[in-house]
Structures are given as structure tokens and as C-alpha cells.
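Note sheet for the following structure.
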Amino acid sequence: IAYLIHGSSYVLFALAPSFAWAMFWIGMSRLAMGVSSVLNTGQLLRYVSNEYRGRVFATVESWSWTMMILSMAIAGVASETASPRTIGVWAGIFSSTTAVWWAWANWTGRLPQPGTSPREPDTVEVL
């Protein structure tokens, strides 16, 4: 849901008729991404064992930053021929594809819960 809110808010940001509406929609987009980030990190801390947690977290962050850099490069190239609003709309649509893919994978049984039982939050070791 957070990814859908993020993507749709980003589309509405790109199409906003005024600066005030643009700020509102970009704020909603950032709020949704904040929720998503907290939920993803929370699941990571609950399911990944302590000896692998740093490597898994680093890999997730590396892929996130790599995708961000690639999307900025693509937007930069696209800015030669497309308007900022068009680029923003497509960025929002592509951002929502994560939600669509996860929903499809979940509904078709391709996202089973990890084999280990989750740890309670007070037993998670954070160094």
C-alpha cells in the first residue's frame, strides 16, 4: 500500500496545478516511502540472523542506491526530450510497479514467509 501511495502521490505531484499542491503531494510521497522503509528494515531485523544482518542490509541499501542513481541518469537523459511533468508521471508509475509486482507475487504464493520464526522486537541485537 505504501508503494502505491508513493507512486500515485508522485504522479499527482508532477501534475499539481500549484506549488502548494505540489508540496502536499511530494510530502505524501515521502511519508509513504518513510513507512515503507521502516517496515522493510523492521522485517529485515526480525528475520535475518545476526551474523548475516549487516551483509543483507548493505546489499539492500546498495541495490536501492544503485536503482536511484540509474533512475536519475535515465531522467537526465529523458529531460533532453520530455518535460519535467512527463518525467515525474513516469517516475510515479514506475515506482508503483513495486507494489503491483509484490501484490501479484503474494497472491500467487511466490512470497512465502521466511522459514525461521520472527524474533520479538526486544530480542533483536542491534550493534
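The values are calculated or read from the model by the stated rules, or taken from the named source; none is laboratory data. Since the structure is predicted, the reported quantities are computational estimates derived from the model, not experimental observations. When we count neighbours, we look across all protein chains shown, and the Cβ atoms used for this are built from the backbone with ideal geometry, even at glycine. Remember, those area values only see protein heavy atoms, side chains included, never the ligands or the DNA or RNA. Shrake-Rupley method; radii C 1.70, N 1.55, O 1.52, S 1.80 Å.
Within region 1-12, track down each residue that is buried (at least 17 other Cβ atoms within 10 Å of the Cβ), β-branched (Val, Ile, Thr) and in contact (Cβ under 8 Å) with a residue 60 or more places away in the chain. Passing the criteria: only Val11. Entry remark, region 13-34: residues being open to solvent by 40 Å² or more (accessible area, probe 1.4 Å) and polar (S, T, N, Q) number 1 in total.
Scanning region 10-54 for residues that are charged (D, E, K, R) and either in contact with a Cys (Cβ under 8 Å, 6 or more places away or on another chain) or closer than 30 Å to Gly88 by Cα (or both) gives a single hit, Arg30.
Residues in region 55-96 that are open to solvent by 70 Å² or more (accessible area, probe 1.4 Å), part of a helix (DSSP H, G or I) and closer than 27 Å to Ser18 by Cα: Met68, Met72, Ile74, Val77, Pro84, Arg85, Trp90, Ile93, Phe94. Taking the criterion of being in contact (Cβ under 8 Å) with a residue 24 or more places away in the chain, closer than 12 Å to Arg85 by Cβ and outside any loop (DSSP other than H, G, I, E, B), the residues of region 13-43 that qualify are Phe13, Ala14. Here Ser36 does not qualify as modelled with pLDDT of 90 or more, closer than 18 Å to Ala2 by Cα, in contact with a Gly (Cβ under 6 Å, 6 or more places away or on another chain) and not β-branched (Val, Ile, Thr).
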